[in-house]
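All remarks here apply to the structure that follows.
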Amino acid sequence: MASQKKILLISALAVLMFSPMFVLRQVGAFDFWWWMSCNLSVLLMICFITDWEYPYLLIKDFTKDTWKKTGIGLLSALILYLVFFIGNYLSRKWFHFAGSGIEGVYNFKGDAAGIRIAILMLLIIGPGEELFWRGYLQRKISLKTGKWAGLIIALILYTGVHIFTGNIMLILAAFICGLFWGWMYLKYNSMLVNVISHTVWDIVVFLVLPFNS
């Protein structure tokens, strides 16, 4: 029971921390990218403090079959990019709101320098999202409810915080990514795979080969 309450409290805290970030995006010099990085850092600190086993699981994961997992992560990032490449083309043809919605996603960049975004994505945001949403929440919920239920509940939470953006295309993207990475974690049970996939995909989609016109 105590463990369930802890998961509920951390889940609620994540919603409370991410929802104003997606609504306001920036408060003074504290922009979206600093805000996201700070949120993830705080949440992960709480996760590591309350779950002493987690760091040891990560060390074991990151030091076993490293090259194989790296390859799977890179390949999965490519597959997901191709899914979004096709989705970008079709959605712009089928839905009148798609173009503005996609452009709205890239407006999150604001005035931040690309190099700063890349560094934060590489060191905190890409790894942090996977370590929290899949590595902690999905794993802990799955221990209580089963693997598929854990995936679905974590997916609902991950997609749910993006609802506060009011951007249908971003919400849909979060759902697809959450489902993809949730399934990847369920299949491979490896944070290294997920971290590489998410981080590489983030940097390519936002900075290297973006979909905004």
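Data table
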read-out: Sole residue being in contact with a Leu (Cβ under 8 Å, 6 or more places away or on another chain) and either surrounded by fewer than 16 Cβ atoms within 10 Å (Cβ to Cβ) or touching a residue at least 40 places away in the same chain (Cβ under 8 Å) (or both), chosen from Leu43, Leu24, Leu74; value: Leu43
read-out: Check on Asn194, surrounded by fewer than 21 Cβ atoms within 10 Å (Cβ to Cβ) and touching an Asp or Glu at 6+ places or on another chain (Cβ under 8 Å); value: no
read-out: Single residue of the range 50-71 satisfying the filter (at pLDDT 95 or above and hydrophobic (A, V, I, L, M, F, W, C)) that is surrounded by the fewest Cβ atoms within 10 Å (Cβ to Cβ); value: Trp67
read-out: Thr63 vs. criteria free of Cβ contacts under 8 Å to residues at least 60 places away in the same chain and over 21 Å from Lys144 (Cβ atoms); value: yes
read-out: Residues of the range 135-188 satisfying the condition of being over 20 Å from Phe48 (Cβ atoms), in contact (Cβ under 8 Å) with a residue 60 or more places away in the chain, among the hydrophobic types (A, V, I, L, M, F, W, C) and open to solvent by 30 Å² or more (accessible area, probe 1.4 Å); value: Phe164, Ile168, Ile176, Phe180
read-out: Residue match in the range 53-73 (condition: on the phi > 0 side of the Ramachandran plot and acidic (Asp, Glu)); value: yes
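The rows are residues; the columns are (1) over 22 Å from Ser197 (Cβ atoms); (2) open to solvent by 50 Å² or more (accessible area, probe 1.4 Å); (3) assigned to a helix (DSSP H, G or I); (4) in contact (Cβ under 8 Å) with a residue 12 or more places away in the chain.
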{"residue": "Ile79", "(1), (2), (3), (4)": "no, yes, yes, no"}
{"residue": "Val83", "(1), (2), (3), (4)": "no, yes, yes, yes"}
{"residue": "Leu90", "(1), (2), (3), (4)": "yes, yes, yes, no"}
{"residue": "Gly101", "(1), (2), (3), (4)": "yes, no, yes, yes"}
{"residue": "Ile117", "(1), (2), (3), (4)": "no, no, yes, yes"}
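The values are calculated or read from the model by the stated rules, or taken from the named source; none is laboratory data. Since the model is a prediction, treat every value here as computed from it, not as a measurement. Cβ atoms come from the backbone with ideal geometry, glycine included; neighbour counts cover every protein chain shown. Side chains are part of the model used for accessible areas, which takes the heavy atoms of the whole protein and leaves out ligands, DNA and RNA. Shrake-Rupley method; radii C 1.70, N 1.55, O 1.52, S 1.80 Å.
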